[in-house]
Amino acid sequence: MNYIGFLNWAIVAVSIFNTIALLWLGLTVVLNAERPRWGTYVVGGGLLFGGLFFTAHTATVARDIQSITRELEVWWRLIWLPFIGGPYLWYLVMAWYSGALHVRNHRIWLLAVTALGLAALALSLVTSLLPPYQQFRGELSPPIFSIVGIPVVLLIYPVYSTLCIILSIAALRHPSASDRFMGDLARRRARPWLMAASGVLLLVSLTVGAVAAWVLVGISRDTIIIGDYDILVILHAYDLLVETLIAVAVVLMGKAIVSYEIFTGKTLPRSGLLRYWGNSLVLAAGYGALVSWSLDLPVDPIYRLMLATVLMTLFYALLSWRSYAERNRSMQRLRPFVTSQHLYEQMVAPLAPTQVDAAAPFRALCEDVLDARSAVLLPLGPLAPLVEPLFYDERVLNPDQIAPITIEPDLVARLSEAGVLCLPIVPAHYQGAIWSVPLWSERGLIGVFLLGPKRGDGLYTQEEIEVAQSAAERLIDTRASAELARRLMDIQRRRLAESQVLDRRTRRVLHDDVLPQIHTAMIMLQSIPVVPAIEKLPMLMAIPQQADSTAEIGADVVATLADAHRQIADLLHDLPTTSGADIARIGIVAALRVMVVREQPEAFENVVWEVDQAAEQAGQKLPPLVAEVLFYAAREAIRNAARHGRGSEPQRHLQLMIGATRTESGLALVIEDDGVGLGSGGPSSGSGRGLMLHSTMLAVVGGSLITERRTEGGTSVRLTVPS
């Protein structure tokens, strides 16, 4: 059985595999480096150098060794460079990556292995220290420099290479804190792969040291000759073993690089790199096996070239097919976000807010796109009153069973900083969520997307975070737009209905009540006899009964006219007492003072005003439309406090507090009472429909309305408008 032929095929195949994998990894690190440092260039340069080494190795082992004696003499010297420089570079990179270079002990060890590495390098350059290739062939027998009969190379290289790998493992076991965002998490996730790669490289060093000892001792004793078939089989097997171990180390290191981008400086890994890394491994394995097999075919070299061309075309077609299939899957996952939300139907038809379908795309985002176990979408800022939070948990079928979450102000402040992609959070504070993603619009921070752990405890990629951010922003914007349009349509319908009702009521009261009463009064007045003034007194004195009758008729006329006056006054009272022109002229604060005095003179035992001078001046400079919308929203809040603040206790003491402050973005009004508070029920409790409509009008002009229950009792309504 020809073991040499099989071993040659395997050696070339694995060598081509290492060439493609190392070159791909090196170019990936260099070309994708976001914040390159010297360590990034060392990693990329070392991987590229390894790829070039295996390129030369493939070109050497793929030919007849007997015909390239001169090249092998050069190769015999150069082959020791990667074995000497590889362990040193690996320790240097691991020490840099884990932050061990800042530790004094590691700096001392680095100097020690540097000295040993330089000594080992000298062995490959000085002829008297390393035997020439001719001696390996049995053609020369110069003495090998040794101590106590042991070649010096055996005293330096094994100790040096093993020490480098052991120190790199020690550096990985105790890393320091990372200054890179998510760097500590990436180190924890990548450490098992790097530790496994270090262990494999330790096996490589021990194997190389053992075989080098066997070869050098054999050469010094003239017991190893290249022509010996058994020796050739052993050396080929050794070459294949070392190559295979290096291939395993490359795969493990590549997994850490593409999964967590530990050397490129990226904030988050990208899923595309992992897919392309897998495709490159398939290409390297298939291409290496077939090309190595073709080298043993007794055909013209042009056919081998054509075979390589066909293979490259085939693999490129397969890569394109996989990319297209992945694109189709991505579009399928994103289909819920590009389908129609039927906003026109929702705006025209008086639908309830719960009928605006946002749960389906949100669930598709969490389940199919992000592969998350749980997620929460919380609106913030001016859009919060228009959008309800969305919850997803794979363990809970009904999202309504999930308890609400409150965002801490400190987290909001950190998310508001520019350039923040996502921030880690404490899972215990946010129902198991581990990441918070800020959501933005032209108005600033509009929400936060809380993400729980990923299925399989994987790490979210950069594309997934960006997709989550864009999709969540679109969900909030769509729901806010739909709800705002629906509320505006509702307001318009109510105003039309109220206008019709008020018009009909006015006509009915004037036609059915007021006009008949005035007509009756006129008839009653006509029934009184008209007597000249000079004759009236004797007549009345002479006929007392007629005078009493006339007095009764006059009293009835006065009562009828008073009733008509009251009804007309009631109609006028239902109309707005303060016009938009008055609000713009005297200012929002003064208009509210007038309104409280006129409309609610006895509704509150005490009214406390806390208005800054700057706020009052800002209220006078508001645009007329903004001032009018703010005034009527504040009036609705004051009326609600007067109607519902006492609940079922009419004699309850009720105090109203009205405050106005100037903010960075505009004006803020706070209307508080010390009544029964929200949700207390009672016969006079309202539905909150009025404040909802006013919050919609405020949203139209860029403001907001937030209603809260006070901890000390009562209700607080905060109104904000931009300057």
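Quick one: which residue in G50, G85, G26 is assigned to a helix (DSSP H, G or I), under 23 Å from L121 (Cα atoms) and modelled with pLDDT of 85 or more? Steps first, please.
Numbers: G85 fails: modelled with pLDDT of 85 or more; G26 fails: under 23 Å from L121 (Cα atoms).
Checking each option against the conditions leaves just G50.
Out of curiosity, is T19 in a helix (DSSP H, G or I), modelled with pLDDT of 80 or more and outside the structural domain of V208 (by TED's automatic domain parsing)? So that I can check it myself, show each step before the final result.
Values: in a helix (DSSP H, G or I): yes; modelled with pLDDT of 80 or more: yes; outside the structural domain of V208 (by TED's automatic domain parsing): yes.
So T19 fits the description; yes.
Among residues of the stretch 435-452 that are within 14 Å of Y392 (Cβ to Cβ) and assigned by TED's automatic domain parsing to the domain that holds L383, those with a Cβ under 7 angstrom from a residue that is of a type in the set (K, R) and not in a strand (DSSP E or B), sequence gap 6+ or separate chain, pair up as G452/R373. Sort out which residues of the stretch 32-56 are β-branched (V, I, T), under 30 Å from A13 (Cβ atoms) and in contact with a Phe, Trp or Tyr (Cβ under 8 Å, 6 or more places away or on another chain), and write them in order of number. Matches in the stretch 32-56: V42, V43. Across the stretch 573-610, the qualifying residues are those that are surrounded by 14 or more Cβ atoms within 10 Å (Cβ to Cβ) and among the acidic types (D, E), and the one among them that is modelled with the lowest pLDDT is D582.
Being assigned to a helix (DSSP H, G or I) and more than 23 Å from V14 (Cβ to Cβ) is the filter here; which residues of the stretch 287-315 pass it? Reasoning before the result, please.
Step one: of the stretch 287-315, the residues assigned to a helix (DSSP H, G or I) are 287-294, 301-315.
Listed by number, the residues that qualify are I302, Y303, M306, T313.
When the stretch 352-367 is filtered for residues that are modelled with pLDDT under 80 and assigned to a helix (DSSP H, G or I), the ones remaining, listed by number, are P353, T354, Q355, A359, A360. None of I231, I219 is at pLDDT 70 or above and more than 24 Å from S98 (Cβ to Cβ) except I231. You will find that of R598, R652, the residue that is more than 21 Å from L705 (Cβ to Cβ), in contact with a Lys or Arg (Cβ under 7 Å, 6 or more places away or on another chain), assigned by TED's automatic domain parsing to the domain that holds S704 and not hydrophobic (A, V, I, L, M, F, W, C) is R652 and no other. Please determine, by comparing only the residues of the stretch 402-433 that are surrounded by 13 or more Cβ atoms within 10 Å (Cβ to Cβ) and among the β-branched types (V, I, T), which one is farthest from A375 (Cα to Cα). By that ranking, first place goes to V420. Within the stretch 701-715, if we keep just the residues that are of a type in the set (A, V, I, L, M) and modelled with pLDDT of 85 or more, the residue that is surrounded by the fewest Cβ atoms within 10 Å (Cβ to Cβ) turns out to be I706. Screening S280 with (1) within 38 Å of the chain's Cα centre (by Cα); (2) modelled with pLDDT under 85 gives one miss only, at (2). For the stretch 604-723, no helices (runs of 4 or more DSSP H) sit wholly inside it while including 3 or more residues that are among the basic types (K, R) and under 34 Å from the mean Cα position of the chain (by Cα).
The values are calculated or read from the model by the stated rules, or taken from the named source; none is laboratory data. The structure presented is a predicted model; accordingly, all values stated were derived computationally and were not measured. Because the Cβ atoms are built from the backbone with ideal geometry, glycine has one as well, and the counts that use them run over all protein chains shown.
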